[in-house]
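Report on the following structure.
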Amino acid sequence: MGRLPFFAGNWKMNKTVGEALDLVKGLKAAISGVIGVEGEVEVAVAPPFTALYAVRKEIEGSSIFLAAQNLYWEEKGAFTGEISPLMLKEVGCHYVIIGHSERRQFFGETDETVNRRIKAALAQGLKVIFCIGETLKEREGGKTFSVIERQMEGGLKGLDDREMGNMVIAYEPVWAIGTGKTATPEQAEEVHRFIRGKIEKLYSRGVSEEIRIQYGGSVTPENIKGLMNQPNIDGALMGGASLKAESFSKIVRFKEL
Ligand code: PEP
């Protein structure tokens, strides 16, 4: 069986509760019929923490999954401002995004802290969207593959084959995030192929063939088809395009474009 295409919307620090509900209602209506267990694609939304509960209520009974944008690895305690895996699970999250480049850039996350977060999420039964990607400077310095390799080895350290079954990788070149500069399908495919090859080396052929690798970085309804035509691109993690039901749903319905 092939890999089910997976589209996730990262709303970042956008949307009040009311706005989040409007968006998810619009999305639900616009994609009904194309998602679900028997459907053709999988969809998740990652609202800010404040809107998780309300959005969960709104998507109940639909096939849209709830995702969080981050977590802290402890279960509870004196960690002011943090949210635990247990809390996310309780509120209805199925996925959590970990290691987003904005977390790495602005909030000091490292491969080591990303790894701790991934392990804590998996231990609580959450599935993980693990983000990796190089900066423009790293790409121009010919370091793309070594950076990806370092992020993968660090982030996935200690995970076994079974745990890899609950992982999704999002390749997000930092220079393409929110900039309007998408990687070409060929540029993205080159890195996706490398990532899958690395998973095969670290785990097995079976694990590498099953794992889904999303592309992220200025994905739009205009460029999604070209990206999805690549053999190793299994969906997208979207920022800007996921903030409007129209563009989000067009991407989800890419086969009709
Ligand atoms: C992201 O932040 O994960 C992202 C890909 O953003 P955008 O689609 O806006 O580039």
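For segment 83-117, a residue qualifies if it is assigned to a loop (DSSP other than H, G, I, E, B) and either modelled with pLDDT under 95 or farther than 18 Å from Lys12 by Cβ (or both), and the qualifying residues are Ser84, Gly92, His94, Thr110. Residues in segment 159-179 that are charged (D, E, K, R) and either within 19 Å of His100 (Cβ to Cβ) or part of a loop (DSSP other than H, G, I, E, B) (or both): Asp160, Glu172. How many residues, within segment 235-250, are assigned to a loop (DSSP other than H, G, I, E, B) and either within 7 Å of the ligand (Cβ to nearest atom) or among the acidic types (Asp, Glu) (or both)? Total meeting the criteria: 1. Take the conditions (1) on the phi < 0 side of the Ramachandran plot; (2) without any contact (Cβ under 8 Å) to a residue 60 or more places away in the chain; Val168 misses just one of them, which is (2). In this structure, is Leu66 among the hydrophobic types (A, V, I, L, M, F, W, C) and crowded, with 18+ Cβ neighbours inside 10 Å? Yes; evaluated as a whole, the condition is true for this residue. Across segment 166-196, the number of residues qualifying as among the charged types (D, E, K, R) and within 16 Å of the ligand (Cβ to nearest atom) comes to 2.
Residues of segment 127-179 that are among the acidic types (Asp, Glu) and surrounded by 13 or more Cβ atoms within 10 Å (Cβ to Cβ): Glu134, Glu138, Glu149, Glu153, Glu163, Glu172. Considering Arg3, Arg56, the condition of being closer than 30 Å to Arg116 by Cβ, at pLDDT 95 or above and part of a helix (DSSP H, G or I) is satisfied by Arg56 alone. The residue pairs whose first member lies in segment 234-257 and is under 18 Å from Gln69 (Cβ atoms), whose second member is at pLDDT below 95 and surrounded by fewer than 19 Cβ atoms within 10 Å (Cβ to Cβ), and whose beta carbons are closer than 7 Å, counting only pairs six or more residues apart or on different chains, are Gly239/Gly178; Gly240/Gly178. Listed residues Glu222, Glu186; which is assigned to a loop (DSSP other than H, G, I, E, B) and acidic (Asp, Glu)? That would be Glu222, the only listed residue that is assigned to a loop (DSSP other than H, G, I, E, B) and acidic (Asp, Glu). Being open to solvent by 10 Å² or more (accessible area, probe 1.4 Å), part of a loop (DSSP other than H, G, I, E, B) and in contact with a helix residue (DSSP H, G or I) (Cβ under 7 Å, 6 or more places away or on another chain) is the filter here; which residues of segment 6-39 pass it? Within segment 6-39, Asn14, Lys15, Val34 qualify.
Of everything in segment 197-224 that is within 16 Å of the ligand (Cβ to nearest atom) and open to solvent by 30 Å² or more (accessible area, probe 1.4 Å), the residue that is farthest from the chain's Cα centre (by Cα) is Glu222.
Consider Ala46 carefully, then state whether it is out of contact with any helix residue (DSSP H, G or I) (no Cβ under 8 Å at 6 or more places or on another chain), among the small types (Gly, Ala, Ser) and buried (at least 19 other Cβ atoms within 10 Å of the Cβ). When the stated conditions are applied, Ala46 passes them.
Here Asn232 fulfils each of the conditions (1) within 16 Å of the ligand (Cβ to nearest atom); (2) open to solvent by 10 Å² or more (accessible area, probe 1.4 Å); (3) under 30 Å from Ala29 (Cα atoms) apart from (1). The set of residues from segment 184-196 being out of contact with any strand residue (DSSP E or B) (no Cβ under 7 Å at 6 or more places or on another chain) and open to solvent by less than 20 Å² (accessible area, probe 1.4 Å) comprises just one member, Glu189.
The values are calculated or read from the model by the stated rules, or taken from the named source; none is laboratory data. Keep in mind the model is a prediction, meaning the values are calculated, not measured. All Cβ positions, glycine included, derive from the backbone under ideal geometry; neighbour counts span all protein chains shown. Just so you know, the surface numbers come from the protein's heavy atoms only, side chains and all, with ligands and any DNA or RNA stripped out. Shrake-Rupley method; radii C 1.70, N 1.55, O 1.52, S 1.80 Å.
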